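Structure incoming, see below.
The values are calculated or read from the model by the stated rules, or taken from the named source; none is laboratory data. Just so it is clear, the model here is predicted, and its values are computed rather than measured. Counting neighbours? That spans all protein chains shown, and the Cβs are built from the backbone with ideal geometry, glycine included. Accessible surface is based on the protein model in full, side chains and every heavy atom, while ligands, DNA and RNA are left aside. Shrake-Rupley method; radii C 1.70, N 1.55, O 1.52, S 1.80 Å.
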Amino acid sequence: MEAFIPRVVFIQKAALQYPLGNKLMKEFNNRGIDVSLYEKRVPTTPGRSFKDSFLCAKRTMVVLVRTRREFQTCKPSAHYQLPLVSGCPGHCEYCYLNTNLGKNPFVKVYVNIDEVLEQAKEYINLRKPEVTVFEGSATSDPVAVESWTGSLQKTIAFIATQDSARFRFATKYGQIQNLLTLEHKGKTEVRFSINSGHVVRKFEAGTPPLESRLKAAREISLAGYPLGFLIGPIIRFPGWRGEYTDLLNLARTQIPEGIPVSFELITHRFTTRAKKIIEEVYPDTEVPLDEEGRRFKYGQFGYGKYVYEKELMEEMEEFFRTAIKTLFPEGKILYFV
Ligand code: SF4
């Protein structure tokens, strides 16, 4: 799958004062992509339905300067979110971003990466000698636009120079070739989001096939990066055991023996708000959104979500722990939720 090609691009005028803003302007013009400049607010078309605005924003790239200096915290996976990109062109129907980014989930890329990294350095210095961990994919899939921005490349090289910092990000995209020859010093962990063939085919439109994610995972591990697999949402459907067994077997064939892979295992859950948005944007969705057979649970951020019943969760956890222990004896399960 080729890198994301936006249908429309909005560039903030202030972004043209940065080399990346200028470079992107030229590249989009050369490729005949429709580019408009804006000053303060990205123009939107009034009167559009939620669904039309949402789908249009997914194909729109916004190039801008990040002015907010503070970073948001990112517990439990890291100390801070590292703001490089926000939004994602993928159409995973269950995506957690569906509820986070509102009616216009533009794919936003920040041009002032050097300033963002300067700010990161301040956080690192403040916490020394403790190690500070940054998460690069809290509100995006940053690899989806990496071939345009090079932000991950810069960040990985920067983190390699810091003795008290680590960086991690998760992705479904396979365009990681520009990361393979970087000096990373093992301080960046790359996690690939994978799922059963059934889930990928049914719910992950606009994202690369499983095989290309696993191929990229192999390349990343051979390049010496710490590697992780994020399996989620784990969905129970007829034949789920067989399909998830196939997934783990396939992953095993791609990853060299002896590499300590980490696993993050996330069962499917949904909030009432997420259900409403998913059904509005993807009216034919087959994502399981029936409250019946689910348990309502309050999360750490105060809102409730529907998770699988306790016995079903236990059954799934047992299955994954056993399968991973057998196939990846050197693997480590970070959590199962
Ligand atoms: Fe969301 Fe990740 Fe899919 Fe992008 S690739 S739509 S961030 S789940």
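I'd like the full set of residues that are farther than 19 Å from Leu179 by Cβ, open to solvent by 70 Å² or more (accessible area, probe 1.4 Å) and in a helix (DSSP H, G or I), limited to the range 125-155.
Residues satisfying the conditions are Asn125, Leu126.
Right, next: Does Val200 satisfy the criteria of being without any contact (Cβ under 8 Å) to a residue 40 or more places away in the chain, in a helix (DSSP H, G or I) and more than 18 Å from Glu315 (Cα to Cα)? Spell out how you get there, then give the answer.
On the way: without any contact (Cβ under 8 Å) to a residue 40 or more places away in the chain: yes; in a helix (DSSP H, G or I): yes; more than 18 Å from Glu315 (Cα to Cα): yes.
Spelling it out, Val200 is indeed without any contact (Cβ under 8 Å) to a residue 40 or more places away in the chain, in a helix (DSSP H, G or I) and more than 18 Å from Glu315 (Cα to Cα).
Among the residues of the range 103-160, which ones are away from the ligand (no atom under 16 Å from the Cβ), in contact with a Pro (Cβ under 7 Å, 6 or more places away or on another chain) and hydroxyl-bearing (Ser, Thr, Tyr)?
The one that is away from the ligand (no atom under 16 Å from the Cβ), in contact with a Pro (Cβ under 7 Å, 6 or more places away or on another chain) and hydroxyl-bearing (Ser, Thr, Tyr): Tyr110.
Within the range 83-102, is even one residue assigned to a strand (DSSP E or B), more than 16 Å from the ligand (Cβ to nearest atom) and closer than 22 Å to Glu146 by Cβ? Break it down into steps so the answer makes sense when it comes.
First pass over the range 83-102, keeping only residues assigned to a strand (DSSP E or B): 85-87, 91-92.
From what is left, the residues that are more than 16 Å from the ligand (Cβ to nearest atom) are none.
Checked against the condition, which is being assigned to a strand (DSSP E or B), more than 16 Å from the ligand (Cβ to nearest atom) and closer than 22 Å to Glu146 by Cβ, the range 83-102 yields no hits at all.
Counting just the residues of the range 174-185 that are surrounded by 20 or more Cβ atoms within 10 Å (Cβ to Cβ) and without any contact (Cβ under 8 Å) to a residue 60 or more places away in the chain, which one comes out farthest from the ligand (Cβ to nearest atom)?
The residue in question is His184.
Anything in the range 277-309 that is of a type in the set (A, V, I, L, M, F, W, C), outside any strand (DSSP E or B) and either loosely packed, with under 10 Cβ neighbours inside 10 Å or touching a residue at least 24 places away in the same chain (Cβ under 8 Å) (or both)? List them, or say none.
Residues of the range 277-309 that are of a type in the set (A, V, I, L, M, F, W, C), as a first pass: 277-278, 281, 287, 289, 296, 301, 307.
Remaining after also requiring outside any strand (DSSP E or B): 277-278, 281, 287, 289, 301.
Of everything in the range 277-309, those that are of a type in the set (A, V, I, L, M, F, W, C), outside any strand (DSSP E or B) and either loosely packed, with under 10 Cβ neighbours inside 10 Å or touching a residue at least 24 places away in the same chain (Cβ under 8 Å) (or both) turn out to be Ile277, Ile278, Val281, Val287, Phe301.
Being hydroxyl-bearing (Ser, Thr, Tyr), part of a helix (DSSP H, G or I) and free of Cβ contacts under 8 Å to residues at least 60 places away in the same chain is the requirement here; does Ser193 meet it? Spell out how you get there, then give the answer.
On the way: hydroxyl-bearing (Ser, Thr, Tyr): yes; part of a helix (DSSP H, G or I): no; free of Cβ contacts under 8 Å to residues at least 60 places away in the same chain: yes.
So Ser193 does not fit the description; no.
Does the range 209-236 hold any residues that are open to solvent by 20 Å² or more (accessible area, probe 1.4 Å), of a type outside the set (D, E, K, R), under 27 Å from Glu286 (Cβ atoms) and not in a helix (DSSP H, G or I), and which are they? Quick ask: steps written out before the conclusion?
Going residue by residue through the range 209-236, those that are open to solvent by 20 Å² or more (accessible area, probe 1.4 Å) are 209, 211-212, 215, 218-219, 222-224, 226, 230, 236.
If we keep only those that are of a type outside the set (D, E, K, R) too, we end up with 209, 212, 222-224, 226, 230.
Of the ones still in play, those that are also under 27 Å from Glu286 (Cβ atoms) are 209, 212, 230.
If the condition is that a residue be open to solvent by 20 Å² or more (accessible area, probe 1.4 Å), of a type outside the set (D, E, K, R), under 27 Å from Glu286 (Cβ atoms) and not in a helix (DSSP H, G or I), then Pro209, Leu230 are the ones that fit.
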